[in-house]
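Before any comments, here is the structure.
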């Protein structure tokens with residue numbers, strides 16, 4: 001089996017769409033179809049179930065993908081390492097972040113990374129709140145640091161880098177604004193502003209429908225961007241969950257950010273496309289992990305919002 005045919009199979013296994021696979025690999029859909037049929041003839045079994053509206057891996061296809069992917073990555077790494085040894089890391093690495101404190105860590109990690117690889121440019125940008133994984137899937141970003149969960153096929157989630165105490169953004173004149181702490185039961189006395197766009201697993205985790213005792217949590221308006229969230233809260237349209245650290249970055253006179261006493265933390269971790277993992281991405285992940293573990297960074301991070 002040729003390496004190009006392996007690449008076509010693995011890309012189709014991720015995209016589950018012949019047109020998008022062809023577009024990503026700069027080949028024709030017919031070339032994709034021919035490569036898959038050739039592989040299926042050689043194996044003697046279907047790798048994909050396909051119809052006019054549906055493409056899915058068969059059980060044999062899943063097993064073939066899982067067995068093939070590590071070997072394909074090993075080949076990619078060998079080529080990348082040889083190139084790096086010859087000329088050093090070059091090109092552009094695009095890193096996304098969600099929330100200002102994640103951006104701070106990414107910038108410091110980028111400084112560490114570029115000390116080692118000065119010929120590789122690092123560009124950073126904020127990840128849209130409405131679609132946390134979208135720019136990874138379109139390959140506009142190579143790696144990102146956002147809140148979890150990100151539970152989508154084809155995306156690798158790295159270790160949790162930090163866990164932030166959860167808080168609630170409430171209008172400054174709301175009865176809850178004067179409280180020292182909140183409990184999850186207090187949600188029932190609010191209207192919860194939600195998001196349009198994220199997958200249901202993300203919404204279920206961060207925007208519960210009921211309190212622990214089973215009381216329904218009323219819904220307020222939905223939006224797509226954090227500045228809009230703050231404006232809606234300030235106008236008394238509802239409340240919104242966030243990290244306690246947000247008090248240091250998003251202070252406004254018309255809102256208050258009150259911590260929960262009994263809520264789960266908001267966890268932040270790195271994510272990247274499984275099929276797009278390279279030695280360069282792993283080097284940047286290493287730089288992020290080293291920066292997050294650096295006592296100077298941990299001290300600065302702790303001071304930025306008190307106990308966290």
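Quick look at the numbers
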quantity: Mean projected area (nm²) of the alpha-carbon convex hull when the chain is viewed from all directions; calculated: 18.7
quantity: Cβ-based exposure ranking for 209, 57, 93, in which fewest neighbours within 10 Å come first; calculated: 209, 57, 93
quantity: Tilt relative to the chain, helix 29-43 - C-alpha long axis, 0 to 90 degrees, to 10; calculated: 70
quantity: Using alpha-carbon coordinates, inclination of helix 100-116 to the longest axis of the chain, degrees; calculated: 40
quantity: Fewest-first sequence of 143, 47 by Cβ atoms within 10 Å of each Cβ; calculated: 47, 143
quantity: For 102, 120, order by how many other beta-carbon atoms lie within 10 Å, fewest first; calculated: 120, 102
quantity: Relative contact order (percent, whole number), segment 68-177, Cα cutoff 8 Å, 6+ residue spacing; calculated: 26
quantity: Distance from segment 177-221 to segment 1-37 (C-alpha centre basis), Å; calculated: 43
quantity: Distance between modelled label sites at residue 254 and residue 151, nm, 7 Å Cα→Cβ extension; calculated: 3.6
quantity: Relative contact order of segment 3-85, pairs being alpha-carbon contacts under 8 Å that are 6 or more residues apart, as %; calculated: 23
quantity: Relative contact order of the chain, defined on C-alpha pairs under 8 angstrom at six or more residues apart (%); calculated: 21
quantity: Label-point separation in nm, residue 125 to residue 49, each point 7 Å along Cα→Cβ; calculated: 3.7
quantity: On Cα atoms only, tilt of 59-87 relative to the major axis of the chain in degrees; calculated: 90
quantity: Computed FRET value (nearest 0.05) for residue 78 with residue 112, which takes r as the C-beta separation and R₀ as 41 Å; calculated: 0.95
quantity: Overall form of segment 3-85 per C-alpha gyration tensor (a/c, 1.5; a/b vs b/c); calculated: prolate
quantity: Linear extension gain, residue 17 paired with residue 30, 0.36 nm per residue minus alpha-carbon span; calculated: 3.4 nm
quantity: FRET efficiency, 1/(1 + (r/R0)^6) with R0 25 Å, evaluated for residue 138 and residue 37 via beta carbons; calculated: 0.35
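None of the figures in this text is laboratory data; all of them are computed from the coordinates on show. Note that this is a predicted model, so its numbers are computed, not measured. Please note: Cβ atoms are built from the backbone with ideal geometry, for glycine as well, and neighbour counts cover all protein chains shown.
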